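A short worksheet on the structure shown next.
Rule-based calculations on the coordinates, nothing more; no lab input. Note that this is a predicted model, so its numbers are computed, not measured. Positions of Cβ are backbone-derived with ideal geometry, glycine not excepted, and every protein chain shown enters the neighbour counts.
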Amino acid sequence: MSVRGATNMLNRDLIRASEIGDWCFCRRAWYLNDRRTRPTLVQIEQRQAGIAYHERHGRVVMQSQRATRARYFVLVLLLLVAVACWLAMRPN
């Protein structure tokens, strides 16, 4: 078989360089897109609901991380104040 014949072969499982990212992220999505399969309206709604859920969850996680950082900041500040008070009260 010549190289020209090999390039004309239709291999539906062939992953092109431009599709590697999609294939690595979600092989099922790549497969369906490669077959020109489009999602139904129910699937689109479910996807939108999933996106909204993950956005809300992301905000909750970020808020929790900010609260944790604030607690550590207050703890360090209190420790510094305690050390300063101890140094100021100790006899020379």
Can you bin segment 39-92 into rounded, prolate or oblate? Criterion: square roots of the alpha carbon gyration tensor eigenvalues sorted a ≥ b ≥ c, rounded for a/c under 1.5, prolate for a/b above b/c, oblate for the rest.
prolate
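If R₀ is 30 angstrom, what is the calculated FRET efficiency for the pair Ala52 and Trp86, using the beta carbon separation as r and rounding to 0.05? Numbers along the way, then the final one.
On the way: r = 51 Å, r/R0 = 1.71.
For R0 = 30 Å, the calculated efficiency reads 0.05.
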Hey, of (1) -0.32; (2) -0.50; (3) -0.65, which did the structure itself give for log10 I(q)/I(0) by the Debye sum over Cα atoms at q = 0.11 Å⁻¹ when calculated?
(3)
Which cross-chain or sequence-distant (5 or more) residues have an amide H under 5 Å from the amide H of Ile15, H modelled 1.01 Å from N in plane?
none
Helix-only [θ]222 nm of the chain, DSSP H runs n ≥ 4, -39500 (n - 2.57) each, per residue, nearest 500
-25000 deg cm²/dmol
